[in-house]
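The values are calculated or read from the model by the stated rules, or taken from the named source; none is laboratory data. Everything numeric in this text was worked out from a predicted model, so none of it was measured. Heads up, the Cβs are rebuilt from the backbone with ideal geometry, glycines too, and the neighbour counts pull from every protein chain shown. When the accessible area is computed, the model is the full protein with side chains, heavy atoms only, and any ligands, DNA or RNA have been set aside. Shrake-Rupley method; radii C 1.70, N 1.55, O 1.52, S 1.80 Å.
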Amino acid sequence: MLVFGIESSCDETAAAIVNEKKEIVSECLWTQIEDHKIYGGVVPEVAARAHLEHIDEIIDHTFKRAGLKPQDVDAFAASAGPGLIGGVVIGVMAAKALALALNKPFVAVNHLEGHALAPRLTGDVEYPYLLLLVSGGHCQILIVKGVDDFERLGTTIDDAAGEAFDKVSKMLNLGYPGGPIIEKMAELGDENRFILPRPLNNSGDCNLSFSGLKTAVRKIIESYAADCVLEHANINKQDTADICASFQKAVADCLIHKLERAIKVFKQKYPQGKDIVVSGGVAANTYLRKKMADLAAKEGLIFSAPPIRFCTDNGVMIAWAGLERFQKGYTDELDFKPRPRWPLDENAPKAAGAGGVKA
Ligand code: KG4
Ligand code: ZN
């Protein structure tokens, strides 16, 4: 079985073909980072135009690299939300056009399900597993019970973790995307130099918050700026590295603390579950991966994370989620409407309390 998938929900135009033996038959990715760098973040209109400009070439290359023709694949999948709607529409329309022209099924993939299932393609992760999904737009702790079967234990109540990395990087004039830059700077810094808050640490649930942490970093930067204009702050390289290291530690501490709570719930509800997994762009962070590996070892769980290039957005994860859905018989009509918002757990029975289960 061969499934073709397209990703275009943010700033990567990507496509891939995978099979049921977990082989990546071919993949192609165009990143728009250079187009957005000057703005310090993704500009939706710029992203949509860039997707339009590159999508045909990306699709063409993906088939050429595989030595296949579009009629050789069994289904066409696309990231159909959540995300920037201008880009999502372009990928969805392309996949639908191929499906229509070749009389093959179309599969609408939730972008978050792409991230969530990616570790099953790149490792031997079995349902049910505990997942930390941390990207630029989302930060959730979920139990993945199967395809389209998620139980959310906690979520951020404000910023996503990746968003916080990006904003802190912007405040420090370090560039976009912030995550990898902050991680690199942090290697040179003292993570214990600045005392930063651990928001919601005592909330008794699995929810997270990064907005206050970001504000605390802003205050530190302002303390270096005589006129309180961040761009004029006189911070040397060592100070910057120390801020980055202290911030990264605070983010990781918050995530690990809530994962400890989530593990209790997971073990209680699914004693047969043995995997803990991280995915999404922030999962590329080596510091976080190490802390999660240590936590898993302490808790007797197996830790998995996709290779770093499959943590950030890519076509492979969409093709794989499309394949898992297709295998289950989940296909979509050609009038499926792309969804800018699309909670992963919308079909799940609602958990007790707002936003998550008490641990
Ligand atoms: O999953 P992704 O490519 O796009 C979304 O679906 O949001 O995630 C992008 C996010 C950005 O916020 C970026 O700063 C963050 O992932 N990121 C990282 C690292 N690499 C990417 N955050 C921390 N450390 C990294 N090494
Ligand atoms: Zn993503």
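Could you list which residues have their amide H under 5 Å from that of Leu208, counting only those 5 or more apart in sequence or on another chain, with H placed in the peptide plane?
Thr155, Thr156, Ile157
Sequence-distant or interchain residues sharing an amide H contact under 5 Å with Val25, placed H: which?
Result for Val25 returns Ile17, Val18, Asn19.
Tell me which residues come under 5 Å, amide H to amide H, from Arg339 once H is placed; ignore anything under 5 positions away on its chain.
Gly81
Remind me, relative contact order of the chain in percent, using alpha carbon pairs under 8 angstrom and six or more residues apart? Display every interim value, and only then the final one.
Details: 796 pairs, mean separation 88.7, N = 359.
After rounding, I find 25 percent.
Treating the angle as unsigned and between 0 and 90°, give the value, to the nearest 10°, between the Cα long axis of helix 161-171 and the longest Cα principal axis of the chain.
Long axis of 161-171 versus the principal axis of the chain: about 50 degrees.
³J(HN,Hα) across the stretch 19-31 via Karplus (A = 6.51, B = -1.76, C = 1.60, θ = phi - 60°), whole Hz, x for Gly/Pro?
Values, residue by residue: 10, 6, 8, 6, 9, 8, 6, 6, 8, 8, 9, 10, 9 Hz.
So if R0 is 56 Å, what FRET efficiency would Met1 and Arg198 give, r being the distance between their Cβ atoms, rounded to the nearest 0.05? Numbers along the way, then the final one.
Working: r = 46 Å, r/R0 = 0.82.
The calculated FRET efficiency here is 0.75.
Stretch Phe336-Ala225 to full length: gain in nm at 0.36 nm per residue minus the Cα-Cα span?
Working: separation 111, 0.36 × 111 = 39.96 nm, distance 5.12 nm.
Value of the extension gain: 34.8 nm.
Please figure out what share of the DSSP beta bridges in the chain is antiparallel and state it in percent, rounded to the nearest 5. Let's see the in-between values first.
Values: 27 of 44 bridges.
Given both bridge residues lie in the chain, the antiparallel proportion sits at roughly 60 percent.
Rounding to the nearest 10 and keeping the result within 0 to 90°, find how far the Cα-based axis of helix 111-122 lies from the longest principal axis of the chain.
In the chain, helix 111-122 runs at an angle near 80 degrees to the longest axis.
Please report the carbon-and-sulfur percent of the accessible area for the stretch 218-330; probe 1.4 Å, protein heavy atoms only, DNA, RNA and ligands left out.
Answer for the stretch 218-330: carbon and sulfur cover 53 percent of the accessible area.
Against the longest principal axis of the chain, how steep is helix 85-102, in degrees 0 to 90 to the nearest 10, with axes from Cα atoms?
20
Considering only protein heavy atoms and a probe of 1.4 Å, how much of the accessible area of the stretch 1-108 is carbon and sulfur, as a whole percent?
Ligands and nucleic acids excluded, carbon and sulfur give 57 percent.
Which whole-number percent is the relative contact order of the stretch 1-114 (Cα, under 8 Å, 6+ apart)?
Across the stretch 1-114, relative contact order equals 31 percent.
Ordered by packing density, taken as the mean number of other Cβ atoms within 10 Å over each peptide's residues, highest first, how do 291-303, 67-79 rank?
Details: 291-303: 16.1, 67-79: 20.8.
Top to bottom by mean Cβ count within 10 Å: 67-79, 291-303.
For the stretch 1-113, what does the accessible surface come to per residue with a 1.4 Å probe? Please give it in Å².
Working: 4710 Å² over 113 residues.
Value returned for the stretch 1-113: 42 Å² of accessible area per residue.
When you count, for each residue, the other Cβ atoms within 10 Å and take the mean per peptide, how do 131-138, 151-158, 261-268 rank with the highest first?
Working: 131-138: 25.1, 151-158: 22.0, 261-268: 19.4.
Order by mean packing, descending: 131-138, 151-158, 261-268.
Can you tell me which of Cys254, Cys139, Cys244 moves the most in a GNM of the chain? Springs connect C-alpha atoms under 10 Å apart.
Maximum fluctuation in the GNM of the chain, among the listed residues, is at Cys254.
Just to be sure I understand the model, the point goes 7 Å from the Cα along the line to the Cβ. What's the resulting Lys274 to Glu346 distance in nm?
It is 3.5 nm.
Compare the peptides 170-183, 104-117, 21-34 by average per-residue count of other Cβ atoms within 10 angstrom and give them in order, highest first. Show your work: numbers first, answer last.
Working: 170-183: 20.1, 104-117: 25.6, 21-34: 16.8.
By packing density, highest mean first, the sequence is 104-117, 170-183, 21-34.
Which net charge results for the neighbourhood of Met185, defined as the other residues with beta-carbon distances under 10 angstrom from its beta-carbon, given Lys and Arg at +1 and Asp and Glu at -1?
With Lys, Arg at +1 and Asp, Glu at -1, the neighbours total -1.
Expected output is a single nm value to one decimal: the length gained when fully extending between Ala297 and Asn173, i.e. 0.36 nm times separation in residues minus the C-alpha distance. What is it?
40.9 nm
Report the gain in length on full extension from Asp124 to Gln238: 0.36 nm times residue separation, minus Cα-Cα distance, nm rounded to one decimal.
Numbers: separation 114, 0.36 × 114 = 41.04 nm, distance 4.13 nm.
Full extension from Asp124 to Gln238 adds 36.9 nm.
Over the stretch 299-341, with the other protein chains present, what is the accessible area per residue in square angstrom, probe 1.4 angstrom?
Heavy-atom SASA per residue in the stretch 299-341 reads 51 Å².
Which of the residue pairs Lys214/Lys274; Lys291/Lys328; Lys219/Lys249; Lys22/Lys249; Lys269/Lys298; Lys145/Lys258 have a Cα-Cα distance greater than 28 Å in the structure shown?
Numbers: Lys214/Lys274 34 Å; Lys291/Lys328 35 Å; Lys219/Lys249 18 Å; Lys22/Lys249 35 Å; Lys269/Lys298 19 Å; Lys145/Lys258 20 Å.
Table pairs above 28 Å Cα-Cα are Lys214/Lys274; Lys291/Lys328; Lys22/Lys249.
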